[in-house]
Amino acid sequence: MLVGYGRGVASGDDAADAALLADLRGVLGDRARDNDFERGLYSRDGSIEGSPPAIVCLPESAAEVAQIVRVCRRHSRPFLARGSGTGLAGGAVPVGRPVVIATAKMDRIIEVDIDNRVAWVEPGVLNLDLSRALTPQGFHFAPDPSSQQVCSIGGNIANNSGGPHCLAYGVTTAHIAALEVVLPSGDTTILGGVEAEPAGFDLRGLFVGSEGTMGIATKAAVRLTPNAPAVRTLLLDFDDVSEGSAAVSAIIAAGLVPSALEMMDQRAIEIVEAFAHAGYPTGAAAVLLVELDGLPGGVEAGVEIVRDVAHKHHVGNVRVAADDEERALLWKGRKNAFGAVARIKPDYYLHDTVVPRSKLTEVLEKVYRIADAYGLIAVNVFHAGDGNLHPILAFDRREPGVDERVKAAGRDIVAASIEAGGVLSGEHGIGLEKRDYMGMLFSAHDMYTQDVVRETFDPDGLANPLKIIPTGSRCSDSFHQHVPEGAWV
Amino acid sequence: MSPVGEPLSTASTFPLQLDIDSDTLASCVACGMCLPHCPTYRVTGEESASPRGRIAMMRDAAERGEADAAFVEFMDACIQCRGCETACPAGVHYGHMMEATREALASQTNYQPRLRRLAYRALGMPRLLGFGSRLLGLSQRLGLVRLLSLLGRVRPFRQLGAMTASLPRVPVRQAPLTASGDDVWLFTGCVMDAWMRDTHRAVQAVIEATGAGVALPPAGAACCGSLHLHAGLASDTRRLAQKVMAALPGEAPILIDSAGCGATMKEYGHLLGTEEARQFAGRVQDVHEWLAARVDDLPEGAGSRAQRPRIAVQDPCHLRHVQQAHLPVRTVLSRFFDVVELDDDGLCCGAGGAYSQQHPEVAGAVRERKVAAIERTGASVIASANPGCTLHLQAAGLDVRYPLEIVAEHLDGGAPA
């Protein structure tokens, strides 16, 4: 038996590329591109490494996506979908000269169905554009990754993305009712449904978060969440990181589920303030950004509870945003934190692990120790409420040998998180980045089972190969797929 | 962490030396936050039309020391609105990188053909520009321009035809402006003075309504060099900057009523790198910045806000993203009007100086988004503080005017709509 994924990895044969291009041009005309500069642009996402695809396709409809997939099958060429290219785990990084199918041109909101509280949208619709378009009707799309202004719904589906407000509202899978999907076979099907309880297995649930290994979503029915009548945002500052993280657990223990509960450490506060000028206290060791929403009375009562808990944990100041403008400014800082790291170093490597809330302090201390040991700078800004850590390692790739140190530190951070009872990824996906760490969490049998599920969708292994599941996870693996050297850190 | 895979091929390339240091090129972490704020990415959905993509290509070209025709096309497609700079969490100086890239292309390749260079040069020659403008205005009235645009249906004249057809109606005769004192300079510029002198007249009236006297520059201060800079002809800009600086001596503030000119003149320090240029740049203000500090010297507006006429504000990119001087426009307008905001985060309208003439298709698609945003406000009058945006949006059938023209009319007792 062959390992499904990666079997179609092409060798870089010019004649094969030319024949493939001719067929794709037949479908897309000049929207199939092979210019060197342009292929270079689609060689990476928001993560730190990449390799150029053979051809970039820019489809404008689901029918074109299906045709592209059929052409790829005919040429035994792997393919992968790409949204806005902001992923941090390399899920949209081409490996093995695949065809990149960029869905950015498919950006129509097809129908807003208030009665069923869903909207049918194309995958290239940007997350924040969708929420803004729904504002006049009083609704929004709840998952709100930090890259909300630029990330696409298709990317959110692929990664089962989270965001600060997923603490109360749940991650992407809770907000996708149905999907139109082009399967790796080239056939189009609908998974799930807008009715309350669609019949059969929840294949929609399986597809969300599958990172393009089970096909390409070409349309989604997203659930609409009503905008809360009252919102309050608090900024709490602490002289001590451990007091801050203890306050996180205490707020939840007090019976509150804030809509968002975020933490930033001192370095994060400094870089964010330099960009947003939101009045973040640059001297504090840590801040918590707490948001409560709901009916006005409940929200005000919640504010008092947070205030009490914070004082028990020796909070410095409790700042309650006076109006929407102040709230927006505080969030602007938080949501731009990753990019703002460039103010310290030109490159960053961002991890995404989840640990039990009660272990936050312990794991954070380990993160700092690990970064110190490798001579790197660690910046922490993360979803504290659900224990989703985002340690950022800031570095300059032009320093000799720094990549090995970043790689080693990353691995140690993942190990420390798992040791504390955590998991590999909260919301960024596994992609290429954490593929080789899967064995730290899953047994060979677990991975084998996952691979079988994947193969059910993609028997020829052409859909985003070499991602998520490490090679050699099948016991009867007789096909040793060569992973290009340095394909990932 | 070098990229894996094969090196990019080098077919049909030419040598190109990009004078951008590696720290600057490395300052973009490719987070993508700029993408939705880039008008050309918005209408194409293509990486090559995004700031992140263009910086990656500059890095690529700088490392390789070469480029190809596609590279030139991608760089030329940028409107240079610099909306990406406002959005960038890392504070990347995209505008300077694009200017340096265009300068390299213009000086090392035939990126700016001879005829176009001559056309740019004419902007700094007020007599020639005035004569040409009168000729154009006359031709428009005699129907000759229609003939030219008909001629544009024949392939070799297509671009000329499209250009002449999209030009606004140019005045044949304009009354001169008269200086009234020496408290401030009012910079009058090139095309704007030749085609839109009435805007200057209105601006002068509003400045004078605060009690200040206005000095007018001699012919030497004819053109700020902004269009040249965007075209990669920075040496022309530096030459023009020297002339402008010499023509506007003293300490008095230099007030600008064109956002594009103001943005460039505020960067004279960066461009020339001299103390004199830095001091000069420090005197440059958008006229709204100057007025906002003296808004109490203007007559009171009548009635409550709700009773006042509604005006939608369209921010020129070079006012909002480059000068960050868009709020003073609101300070001045809201003394008299009910100011309505657009909901598009200050996305470019597609005008971009000469861009809308050179890339009419993209500029038109970008403008469609802007028109939709304006329509969502329900306002029938739109204020825009840059002549290029005004002309570009007027061509879509909107009632767009310079903010101070609306104010001047109001002070005169006229209604804005």
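Points worth noting:
- Considering only B:GLY211, B:HIS359, B:CYS261, and ranking their Cα positions along the charge dipole of chain B that arises from unit charges at the beta-carbon of Lys, Arg, Asp and Glu, the one farthest toward the positive end is B:HIS359.
- Magnitude of the charge dipole for chain B, about its Cα centre and with charges confined to Cβ atoms of Lys, Arg (+1) and Asp, Glu (-1), is about 1580 debye.
- Under 5 Å between amide hydrogens, built in the peptide plane, is the criterion, and for A:ILE377 it picks out A:ALA394 among residues at least 5 positions away or on other chains.
- Peptide B:17-25, shielding by other chains (average Cβ, 10 Å cutoff): 1
- For region B:299-417, the residue among B:VAL313, B:HIS392, B:PRO299 whose Cα projects farthest onto the positive side of the dipole built from Cβ charges is B:PRO299.
- Using the Cβ of B:GLU99 as centre and a radius below 11 Å, the other residues enclosed give a net charge of -1, where K and R count +1 and D and E count -1.
- The residues neighbouring A:ALA63, those whose beta-carbon lies less than 13 Å from its own, together hold a net charge of -3 under the Lys/Arg +1, Asp/Glu -1 convention.
- Radius of gyration over Kirkwood radius for region B:13-108, both on Cα atoms: the Rg/Rh ratio is 0.93.
- The antiparallel fraction among DSSP beta bridges confined to the protein assembly as shown stands at about 70%.
- Summing +1 for each Lys or Arg and -1 for each Asp or Glu among the other residues whose beta-carbon sits under 14 angstrom from that of A:GLU180 gives -1.
- Cβ-isolated cysteines (cut-off 4.7 Å), chain B: B:CYS28, B:CYS31, B:CYS38, B:CYS78, B:CYS88, B:CYS349, B:CYS389
- Within chain A, longest stretch free of exposed chymotrypsin sites (Phe, Trp or Tyr not before Pro) [DSSP loop, at most 16 other beta carbons within 10 Å]: A:202-478
- Cross-link table A:LYS105/A:LYS335; A:LYS312/A:LYS434; A:LYS335/B:LYS266; A:LYS105/A:LYS345; B:LYS243/B:LYS370, entries beyond 28 Å C-alpha to C-alpha: A:LYS312/A:LYS434; A:LYS335/B:LYS266; A:LYS105/A:LYS345; B:LYS243/B:LYS370
- Per residue, the convex hull volume that the Cα atoms of region A:14-102 enclose (Å³): 85
- Gain on full stretching of the segment that runs from B:ALA247 to B:SER107 - 0.36 nm per residue minus C-alpha separation: 47.6 nm
- Convex hull volume per residue in cubic angstrom - Cα atoms of region A:109-226: 96
- Fraction of beta bridges assigned by DSSP in chain B that are antiparallel (%, nearest 5): 15
- Per-selection Rg to Rh, chain A - Cα, Kirkwood hydrodynamic radius: 0.97
- Residue of B:LEU138, B:LEU319, B:LEU393 that the Gaussian network model of chain B assigns the largest fluctuation, springs spanning Cα pairs under 10 Å: B:LEU138
- For region B:63-73, 3J(HN,Hα) computed residue by residue from phi via the Karplus equation (6.51, -1.76, 1.60; θ = phi - 60°) reads 5, 7, x, 7, 8, 9, 4, 4, 4, 4, 4 Hz, glycine and proline entered as x.
- Note on A:THR282 and B:ASP297: with the Förster distance fixed at 45 Å, the Cβ-Cβ geometry gives a FRET efficiency of about 0.70.
- Available extension along the chain between A:ASN317 and A:SER242 is 25.4 nm, counting 0.36 nm per residue and deducting the alpha carbon span.
- Helical mean residue ellipticity (222 nm; -39500 (n - 2.57) per DSSP H run of 4+; nearest 500) of the protein assembly as shown: -12000 deg cm²/dmol
- Rg/Rh ratio calculated on Cα atoms of the protein assembly as shown (Kirkwood radius): 0.98
- Inter-chain shielding of B:37-50 (mean C-beta neighbours from other protein chains, 10 Å cut-off): 4
- For chain A, the longest principal axis of the C-alpha atoms and the axis of helix A:241-253 are separated by about 90°.
- Antiparallel DSSP beta bridges within region A:64-219, as percent of all bridges there, nearest 5: 75
- Relative to the longest principal axis of the Cα atoms of chain A, helix A:402-419 runs at roughly 70 degrees.
Where a number appears in this text, it was derived from the coordinates with a stated rule and is not lab data. This one's a predicted model, so the numbers in the text were calculated from it and none came from an experiment. All Cβ positions, even for glycine, are placed from backbone atoms using ideal geometry, and neighbour counts span all protein chains on display.
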